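To start, the structure itself, in C-alpha cells.
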Amino acid sequence: MHVVIMGCGRVGSTLAHSLEDLGHTVAIIDQDPGAFRRLSPHFAGRRVTGAGFDRDTLAEAGIGDAGAFAAVSSGDNSNIIAARVARENFGVENVCARIYDPRRAEIYQRLGIPTVATVRWTADQMLRRLLPAGSTELWRDPSGQVALVEVHTAPGWMGHRVHKLEESTGVRVAYVTRLGEGVLPASDTVLQDGDLVQVMVNPADVARVEEAFAKGPGA
C-alpha cells in the first residue's frame, strides 16, 4: 500500500521508517526541507516539500494512489484540514490526524475523522503507570463479546508461569509488555517484575478478573 505522511518530525519520520520496513511505499511531506534530515539515508520513499493540505503537494506525493494518509505535523489546524482534504477530495479510505487539543479531537472523531489526541493519550499512559489498579480496555470486537484489556497484576503473580495465571483467572493472556516491548508469551513464560499483562476477556467478566489479578495466586 502507498501511504502519505504529513509532518517529518519525530513521529512522522519514525512512522515512515516503520511503514517502509513493513513493505509499504511512503511519501512524506514537510514545509521545512531540513526536516527530512530525520530520515535514514536508506529511506527509499518520496520527500515532498510543501503544505500537506495543498492539493498540488498531495498530488506530488501520490495521494491519488494512496490507501492511507497520516497527518502528524505540529499544528492541529493543519492536521485536521489535511486529513479532511485527503478523505473528502481524494477519497483516501484510511485517514488519521494527530491532535494536541483533546476537546478538538473528540469533535473531529464524531465527524468521522479518526484522531490521536496526544495530550490525552500521554496523560492516560501516565495515570496507568502512576495508579496501577483495575484495568484499561484497549480494544473490543464489533460484537462486544471480546475485549483486549490491560489488567493490573499483583506482585504476587510475578515469578509464576503464564499458564498458572490463565488457569487461576480463566482468561487468555494475549501478550505481555516487558521493558517497553510486546512479548507473545508461551504457557511456560515466567512473569517478571514490571511486566504489564494484556488479556482477552468477555467484558462481563472484567470485574471478576480484576479481583483475581489483584489478589494474587492462592488467594
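The values are calculated or read from the model by the stated rules, or taken from the named source; none is laboratory data. These numbers come from a predicted model, not from an experiment. Virtual Cβ from ideal backbone geometry, glycine too; neighbours counted across all protein chains shown.
Return the only residue of 192, 198 being in contact (Cβ under 8 Å) with a residue 24 or more places away in the chain, in contact with a strand residue (DSSP E or B) (Cβ under 9 Å, 6 or more places away or on another chain) and either loosely packed, with under 11 Cβ neighbours inside 10 Å or closer than 30 Å to residue 116 by Cα (or both). If you could, list the steps in order and put the result at the bottom.
Details: 192 fails: either loosely packed, with under 11 Cβ neighbours inside 10 Å or closer than 30 Å to residue 116 by Cα (or both).
Result of the check over 192, 198: 198.
Output yes when any residue across region 24-42 is surrounded by fewer than 18 Cβ atoms within 10 Å (Cβ to Cβ), small (Gly, Ala, Ser) and touching a helix residue (DSSP H, G or I) at 6+ places or on another chain (Cβ under 8 Å), and no when none is.
Yes, region 24-42 contains a residue that is surrounded by fewer than 18 Cβ atoms within 10 Å (Cβ to Cβ), small (Gly, Ala, Ser) and touching a helix residue (DSSP H, G or I) at 6+ places or on another chain (Cβ under 8 Å).
Determine the pairs where a residue that is among the polar types (S, T, N, Q), located within region 1-26, has a partner that is in a loop (DSSP other than H, G, I, E, B) and surrounded by 18 or more Cβ atoms within 10 Å (Cβ to Cβ) with Cβ atoms under 6 Å apart, the partner being 6 or more residues away or on another chain.
Matching pairs, first to second residue: 13/39.
If you check every pair at least six apart or on different chains, which have Cβ atoms under 8 Å apart with a residue in region 88-104 that is free of Cβ contacts under 8 Å to residues at least 24 places away in the same chain and loosely packed, with under 14 Cβ neighbours inside 10 Å first and a residue that is assigned to a helix (DSSP H, G or I) and among the hydroxyl-bearing types (Ser, Thr, Tyr) second?
Correct list of pairs: empty, since none qualify.
Considering only residues of region 129-152 that are touching a Leu at 6+ places or on another chain (Cβ under 7 Å) and touching a residue at least 60 places away in the same chain (Cβ under 8 Å), which is farthest from residue 208 (Cα to Cα)? Step through it out loud before you land on a result.
Here is the first cut: in region 129-152, the residues touching a Leu at 6+ places or on another chain (Cβ under 7 Å) are 138-139, 148-150.
From what's left, touching a residue at least 60 places away in the same chain (Cβ under 8 Å): 138, 149.
Details: 138: 18, 149: 13 Å.
Among them, the one singled out is 138.
Have a look at 13, 74 and point out the one that is assigned by TED's automatic domain parsing to the domain that holds residue 116 and either touching a strand residue (DSSP E or B) at 6+ places or on another chain (Cβ under 7 Å) or buried (at least 16 other Cβ atoms within 10 Å of the Cβ) (or both). I'd like the intermediate steps shown before the answer.
On the way: 74 fails: either touching a strand residue (DSSP E or B) at 6+ places or on another chain (Cβ under 7 Å) or buried (at least 16 other Cβ atoms within 10 Å of the Cβ) (or both).
On inspection, the qualifying residue turns out to be 13.
Taking only region 201-211 into account, find how many residues are crowded, with 18+ Cβ neighbours inside 10 Å and either of a type in the set (Ser, Thr, Tyr) or free of Cβ contacts under 8 Å to residues at least 60 places away in the same chain (or both). Explain how you work it out, then say what you get.
Step one: list which residues in region 201-211 are crowded, with 18+ Cβ neighbours inside 10 Å, which gives 201, 206, 209-210.
Checking the rest, the ones that are also either of a type in the set (Ser, Thr, Tyr) or free of Cβ contacts under 8 Å to residues at least 60 places away in the same chain (or both) come to 201.
Here the count works out to 1.
Would you check which residues across region 179-188 are surrounded by fewer than 17 Cβ atoms within 10 Å (Cβ to Cβ) and closer than 20 Å to residue 163 by Cβ and list them?
Within region 179-188, the subset surrounded by fewer than 17 Cβ atoms within 10 Å (Cβ to Cβ) is 179-184, 186-188.
Passing the criteria: 182, 183, 184, 186, 187, 188.
Evaluate the following for residue 59: is it at pLDDT 90 or above and either within 13 Å of residue 96 (Cα to Cα) or assigned to a strand (DSSP E or B) (or both)? Talk me through it step by step, then tell me what you get.
Numbers: at pLDDT 90 or above: yes; either within 13 Å of residue 96 (Cα to Cα) or assigned to a strand (DSSP E or B) (or both): no.
Considered against the rule, which asks whether it is at pLDDT 90 or above and either within 13 Å of residue 96 (Cα to Cα) or assigned to a strand (DSSP E or B) (or both), residue 59 comes out as no.
Just need a number here: residues in region 68-117 that are of a type in the set (Asp, Glu) and in a helix (DSSP H, G or I).
Here is the first cut: in region 68-117, the ones of a type in the set (Asp, Glu) are 76, 88, 93, 101, 106.
Applying the additional criterion that residues be in a helix (DSSP H, G or I) yields 76, 88, 106.
Total meeting the criteria: 3.
For region 198-219, enumerate the residues that are more than 20 Å from residue 177 (Cα to Cα) and in a loop (DSSP other than H, G, I, E, B). Reasoning before the result, please.
Residues of region 198-219 that are more than 20 Å from residue 177 (Cα to Cα), as a first pass: 202-205, 207-208, 211, 215, 217-219.
Selection gives 202, 217, 218, 219.
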